[in-house]
Every structure is written in C-alpha cells, then in structure tokens.
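Everything on this sheet refers to the single structure shown next.
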Amino acid sequence: MTATEAEEQADTLLREGKLRQAAATYADAVDHVARQFPSETGRLLGLRHRLAWTLLRTGRADEVIALYERNRTPFDHHTWRVLGDLYLRASRLEEAHHSYATVLDWIQRRLVREYVAMLVLADTIGCLLRQGVALTALAPLRRELHDLAALHRRKSIGLPLLWTCLADVHDALGQPGTAGAYRERYLAYWEWYLGPDHISVVTLKAAHERGGGPCTSS
C-alpha cells in the first residue's frame, strides 16, 4: 500500500466511524510518508494530527502524548499547545505549564519583532515627511505599515488563549492569585481589542466579577 492509498483508506475508515482501524491505518500512512517523502512536512504534520485525534477518540490519550512528544520541534507551536492541553487533562501540571509557557514565549517574541519592524517603518515615514517628501509619494509605505499593523493585531489573538490555559494550570496547582492575574490580562486584552463597551467585554467582566467566565476551570 502506498502512502496516498493508506491516507485515503484511513480517511474513509474515520468517516465510517471505524476509529481503531483508522488509527492503525493513519500510523501506516505516517510511516510511509516519513520514509518516502520526508520533505513534505506539512503533509506529515496533518497526518499526525489526524492520527492523534483518532487515538484520542478511542481513549488512548497516553499514546497521543507519546506521539506528540516524539515529533515536537522548537517552532511547532500547535503541537506544544496541544501537548499542554493533554498534560492538563492528565493532571501533569508542571509539564502543561512548560508547554503553554513555551508557546507563549514564542508568540511574544514574534510579536515584539514585528512591532519593532513597524516602529522602524513608521520612523522612516516620519523622517521622509520631515525631509519634504510628498505624502502621496509615501502611500506605498503607509499601506505597508497599515497592513503590518492589521496582521500584528490578528496574530496577537494567540495571547489570551494561552493566558486562559495558564490560568487553568495555576488553578489546578492551587495558585489562585497567579491564575487571577492571567485572567486579568485576558480581560484587559479584549478590552483593548474590542473596546470597553463591546457586549462581549461587558459580559466577560460580569462573569469575571461573579467568579466564572470562559477562562475558569470547571
């Protein structure tokens, strides 16, 4: 069976609800692709995620953790985030904290680099204006700055998700003060992103004041 045939068969088995057979076939497909097409990293990653999801559906969380642990790389932030979720479910709290914190650090570093690039571009535009360059001539640079700012804003959405995850970890560790600080960051972010009077922000604040909300562990 070729890698493509194994992948297609696994997808068919998954659609039919034959989870254990699908998991075994996905594992075969992963092996085939890893041997025959090692440079197709996106395909490999997608197959591993489908294998992991199928294993999780059959209650084999330990196998999912082992799969991700064997294949995580420093910049595969999705795998690190998923591992954090799995560790938290398994009450492996220190490992969950490490996984979430690793992704948070990666996102923050990337956002800082992009913000510095925007500052440099904004300063360049300002210098050119002071030198008498017409505003219309700077339109391409201004559009680029606007596009960078919009992209930066969208990418920042990864921050509140990780703050809620870390809040859940610290709750489980019996550290309500630290958990509360992460939830305050969560609320402050959405207040900045949406505005203080947005219905979602008002609802979040009310839930937070009652001691609940989407970022509180159940």
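The values are calculated or read from the model by the stated rules, or taken from the named source; none is laboratory data. Remember, predicted model here, so these are calculated numbers, not experimental data. Because the Cβ atoms are built from the backbone with ideal geometry, glycine has one as well, and the counts that use them run over all protein chains shown. Side chains are part of the model used for accessible areas, which takes the heavy atoms of the whole protein and leaves out ligands, DNA and RNA. Shrake-Rupley method; radii C 1.70, N 1.55, O 1.52, S 1.80 Å.
Some points to look at:
- Any hit, the range 23-32, residues being open to solvent by less than 60 Å² (accessible area, probe 1.4 Å) and polar (S, T, N, Q): yes
- Residue 197 open to solvent by 70 Å² or more (accessible area, probe 1.4 Å), farther than 30 Å from residue 92 by Cα and not in a helix (DSSP H, G or I): yes
- Of the helices (runs of 4 or more DSSP H) lying entirely inside the range 84-184, those containing at least 3 residues that are surrounded by 16 or more Cβ atoms within 10 Å (Cβ to Cβ) and hydroxyl-bearing (Ser, Thr, Tyr) span 93-130.
- Any hit, the range 61-71, residues being surrounded by fewer than 16 Cβ atoms within 10 Å (Cβ to Cβ), without any contact (Cβ under 8 Å) to a residue 60 or more places away in the chain, more than 12 Å from the chain's Cα centre (by Cα) and more than 30 Å from residue 24 (Cβ to Cβ): no
- Test result for residue 48, in a helix (DSSP H, G or I), closer than 23 Å to residue 86 by Cα and in the same structural domain as residue 79 (by the TED database): yes
- The range 1-45, subset more than 23 Å from residue 82 (Cα to Cα) and acidic (Asp, Glu), residue modelled with the lowest pLDDT: 5
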